[in-house]
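Remarks on the structure that follows.
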Amino acid sequence: MMTRSPQGRTNRLTRPSIAVAAAVAVTAGVVAAAPDAKTAEPSPKLSLIAATTSVTLDSWKEDPGVYLDLGTYLTSENGAFELKVTRKSYKDPVVATQVLRNGKKTTTKALPAGLVKDFSGLPDFAQISVTDAAGKTVLKQTEAFCPNNASGRIRPDAPANSKYPQSCPVNPFTLGSVWGVENGWASNTYAGYYAKPVQLAAGTYTAKISVTKKYRDLFGIANKPQSIKVTVRERSWEAEEGSGSAARSAAPRSFQSAKSAAGHQGHGGHEGHQQAADAPASTHSGNAAASAHAAHGAPARPEAPAARTTGATPTFNVGHGPYPPAPPALPWALKKESLQRQAFSAAKVGDRPGQTDGSRQAPAAEPNAKRPTGKATVPDVPKPDLRSLPAYGITVSDGYEDVPGKDYLAFSANVWNAGPAKLVVDGFRSPGKELMDAYQYFYDAKGKQVGYTPTGTMEWDPRPGHEHWHFTDFASYRLLKADKKESVRSGKEAFCLANTDAVDYTVKNANWHPDNTDLSTACGQENSISVREVLDVGSGDTYTQDLPGQSFDITGLPNGTYYIQVLANPENRLKETNYKNNSALRKVVLGGKKGARTVKVPAHHLVNAN
């Protein structure tokens, strides 16, 4: 049975703070009013603005470095700024296309080949230079820009809500994404978690921010750099530890060791039945640094600090998937204690009712009031299409002192829904029964329920830190020999479904704002009488293998070539549109000797992420 461990980040859907909306609105005066519709050009007018002329940034002694959240935004007027980013397959490069809408007419413009290499944003978009009080340049760098970053309206007549997703996906096997700045909105240019902290001594500086020339030329952005006065102050948690909750609320994210930070990323909390006694949590560390993500059990960089008024609120993937949002914001709950006693004392992260990371609540998907009655039918309506992504975050380790003499192969896995219909599974509990009866529901084009079918069971995992209901037989993990015959099967079989990763938001009926992204709301509680679990179109559910049962025991396996198989819907319990695309293989080569095994992970076509 799989469970999830407490989360520090992920899965996820929160709106920009009122404070940032007000801060951005103050600067709206520098943005030209929306042009008359009759004279409007079909392409949006983009501008770089600053929400403030001065910022104060903290450098903490426990985690030296300054995150350059300077409060600059890219605005879009005269229409929304929209990009469609896709790849046909893992054998093909990522391509980006600008989508231009003029009334009912839609046109597209291909961006230069090779400009966009992944799905995390436009690379080298913002140019930043910092000079000290004496006028000496002490820093010069570029940063990527995700148009889906924390955003807010810049004028009162702008659309009340942005239609675009709330972050850019960085799962190495993402297939398609949509980026955009809504008309009359502004998106933060700060790269958040994906930006590295810089070393600046306490003092005053001047930061100059501009859009690099290639993007100014490409999108017609005026060359109007923004100048920001920056005050860097050095702080220490030890000095402020006795100052109460106010000081704690101003503390930076988590100054944890890599091992401590590992416990807050992804779905690593899903433990397996059969190997629960074999593999200790400390043994399964995903190589997040190498693959630019932070997986459960992986060496993970602390989340980037952000001031309360930046609008850098937690977005998609907060608390679930292997990737953090860009950028995160205060208040972020910190782990109560780190392994090296570096974490600050604050609210304990975890899957509490309606809350997973101390920063926001996510809506739950309400199950039907009663279990279905009448004849079960599988109508001829659109159904989900479950597909597996190749495994990633692959590492090996021994059993340490917990299980001496053991070797393990750990990995991350994702099963996603290519649509055109969402997967909806309800569980209903009979009084006194340990298992819930699970049913899959079907809907017509108008969203009306038109059928259902029994589809197995849901089971409760009572272990501390997990405590969720999980749907059984959703996926299976197998280690295949070079001849692709099974060698080892993972004990992991049960899953709490949640929309953790935006795998492909370009497929038909993709939902850019899925619900059911919060573990505690998606998976129910011990006393739940019923629960609804949903995997929406375009989204996937990532499980990171780092706790007991989340790996293969390779102790007795000889060195050589193997394949990690991720198999969705292994028993065909769920009704789909296509059962032939449920399997994905990832080649690995085991080496080394007992207690010091190694793994080489060849690139999967053009995706070179282990």
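Of note:
- Enumerated strands (runs of 3 or more DSSP E) restricted to segment 527-610, each holding at least 3 residues that are open to solvent by 10 Å² or more (accessible area, probe 1.4 Å) and farther than 23 Å from residue 516 by Cα: 560-568, 583-593, 596-600
- Contacts under 8 angstrom Cβ, first residue in segment 558-575 being under 11 Å from residue 482 (Cβ atoms), partner assigned to a loop (DSSP other than H, G, I, E, B) and open to solvent by 80 Å² or more (accessible area, probe 1.4 Å), 6 or more apart: 563/484
Yes or no, residue by residue, for (1) at pLDDT below 75; (2) part of a strand (DSSP E or B); (3) more than 29 Å from residue 446 (Cα to Cα):
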{"residue": "465", "(1), (2), (3)": "yes, no, yes"}
{"residue": "471", "(1), (2), (3)": "no, yes, no"}
{"residue": "476", "(1), (2), (3)": "no, yes, yes"}
{"residue": "479", "(1), (2), (3)": "no, yes, yes"}
{"residue": "488", "(1), (2), (3)": "no, yes, yes"}
{"residue": "492", "(1), (2), (3)": "yes, no, yes"}
{"residue": "499", "(1), (2), (3)": "no, no, no"}
{"residue": "509", "(1), (2), (3)": "no, no, no"}
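- Residue ID - nearest to the chain's Cα centre (by Cα), chosen from residues in segment 516-573 that are closer than 20 Å to residue 587 by Cβ, among the small types (Gly, Ala, Ser) and at pLDDT 90 or above: 568
- For segment 177-225, taking the residues that are at pLDDT 95 or above, among the polar types (S, T, N, Q) and within 30 Å of the chain's Cα centre (by Cα), the one that is surrounded by the most Cβ atoms within 10 Å (Cβ to Cβ) is identified as 177.
- Screening 106, 97 for residues that are at pLDDT 95 or above and among the polar types (S, T, N, Q) leaves exactly one candidate, 97.
- The residues of segment 107-161 that are open to solvent by less than 50 Å² (accessible area, probe 1.4 Å), acidic (Asp, Glu) and more than 21 Å from the chain's Cα centre (by Cα) amount to a single one, 132.
- Scan of segment 43-94 for residues that are touching a helix residue (DSSP H, G or I) at 6+ places or on another chain (Cβ under 6 Å), assigned to a loop (DSSP other than H, G, I, E, B) and of a type in the set (A, V, I, L, M, F, W, C), ordered by number: 51
- Of all residue pairs spaced 6 or more apart or on separate chains, those with beta-carbon atoms under 6 Å, a first member in segment 369-380 that is on the phi < 0 side of the Ramachandran plot and a second member that is of a type in the set (A, V, I, L, M, F, W, C) are 371/428; 379/442; 379/450.
- Residue in segment 439-453 that is nearest to residue 370 (Cα to Cα), counting only those that are open to solvent by 20 Å² or more (accessible area, probe 1.4 Å) and either of a type in the set (A, V, I, L, M) or touching an Asp or Glu at 6+ places or on another chain (Cβ under 7 Å) (or both): 439
- Odd one out for residue 168, checked against (1) surrounded by fewer than 22 Cβ atoms within 10 Å (Cβ to Cβ); (2) under 22 Å from residue 186 (Cβ atoms): (1)
- Qualifying residue in segment 363-385 (condition: among the polar types (S, T, N, Q), at pLDDT below 95, open to solvent by 30 Å² or more (accessible area, probe 1.4 Å) and closer than 30 Å to residue 505 by Cβ): yes
The values are calculated or read from the model by the stated rules, or taken from the named source; none is laboratory data. As the structure is a prediction and not an experimental result, all values here were calculated from the model. Note that we place each Cβ from the backbone using ideal geometry, even for glycine, and neighbour counts take in every protein chain shown. Accessible surface areas use protein heavy atoms only, side chains included; no ligands, DNA or RNA. Shrake-Rupley method; radii C 1.70, N 1.55, O 1.52, S 1.80 Å.
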